[in-house]
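Please treat every number below as a calculation from the coordinates, not as lab data. All values derive from a computational prediction rather than experimental measurement. Virtual Cβ from ideal backbone geometry, glycine too; neighbours counted across all protein chains shown.
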Amino acid sequence: MKLFVRLPALALAAILVACSGGTPKASVPPTPTNDAGRARLLLLTQVDMPPGWRASRHRSDPVSDREDKKLAACIGAPDPARSVSADVFGDVFGQGAQTIASEVVFSRTTALATKAVAALKGRRVIPCATAAVRPVIAEQLKLRGLSATIRSVAVTRRVVAVKGVVTAFRVVANLTAAGAAITVQEDIVILARGRAQVRATFVDVGVAFPSGLELFVVKKLSGKLFHA
């Protein structure tokens with residue numbers, strides 16, 4: 001059951017953002033190596049978590065990677081393969097059915113970052129993301145040999161009043177597995193500054209992720225983004 005619960009945490013989290021954004025010093029060229037180092041400074045770490053949360057390594061997700069390109073085209077964002085100079089994932093932190101994860105992406109130029117953020121704010125994001133989530137879940141279920149039916153997927157926009165937050169989404173996936181109904185809710189909060197884009201994902205099962213804890217973590221990321 002734990003494996004199944006974590007599945008949407010990895011699938012849904014990776015799909016909404018197919019773009020990037022950073023705050024390098026002017027004297028440092030935007031090379032992948034330098035940007036990757038800066039990205040690691042902006043990720044969530046164990047010291048950012050409340051007591052009781054355990055870290056595990058992020059697993060690469062070729063299914064979501066494939067869908068990223070499609071989603072970018074759908075919402076009018078730059079192609080990730082050509083626009084991104086660094087894409088770094090942090091550890092996945094878990095406690096019970098809840099997970100928290102972070103990712104930092106740097107665009108090659110400020111212009112590309114600006115275009116990416118603008119695309120995330122556009123009206124096409126909700127229908128494009130809703131359409132993209134379903135095949136990702138279906139294929140990941142198949143790859144993992146899990147038998148489940150996707151009953152519905154809904155993506156809505158949210159407001160998070162924290163410095164640096166450019167947009168946020170809630171994804172609700174209703175599934176049926178072994179005759180039981182399962183609802184997975186995931187919040188995706190996206191912060192940006194300069195060429196850097198920082199994304200945090202919060203997943204819970206059956207209910208929305210606790211808002212107080214989510215706000216606490218987003219403020220941690222905001223502090224990193226504006227003081228790193």
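Starting with the highest mean, order 191-202, 80-91, 168-179 by the number of other Cβ atoms within 10 Å, averaged over the residues of each peptide. Before the final figure, lay out the partial values.
Values: 191-202: 24.7, 80-91: 19.4, 168-179: 16.8.
Taking the mean over residues of other Cβ atoms within 10 Å, the ranking is 191-202, 80-91, 168-179.
Pairs exceeding a 29 Å alpha-carbon distance, out of Lys69/Lys121; Lys142/Lys163; Lys70/Lys121; Lys115/Lys142; Lys115/Lys219: Lys142/Lys163; Lys115/Lys142. With K and R counted +1 and D and E -1, the other residues having a Cβ less than 10 Å from that of Phe93 yield a net charge of -1. For region 74-228, the fraction of C-alpha pairs farther apart than 19 angstrom is 59 percent.
Taking the Cα centre of region 85-127 as origin and assigning +1 to Lys and Arg Cβ atoms and -1 to Asp and Glu Cβ atoms, the resulting dipole is close to 420 debye. Here the 3J(HN,Hα) profile of region 208-225, calculated from phi with Karplus coefficients 6.51, -1.76 and 1.60 at θ = phi - 60°, is 6, 4, x, 5, x, 5, 4, 5, 4, 6, 4, 5, 4, 5, 4, x, 5, 5 Hz, Gly and Pro shown as x.
For the pair region 77-98 / region 161-214, the C-alpha centres are spaced 14 Å from each other. Highest mean first, the peptides 119-126, 51-58 sorted by other C-beta atoms within 10 Å per residue fall in the order 119-126, 51-58.
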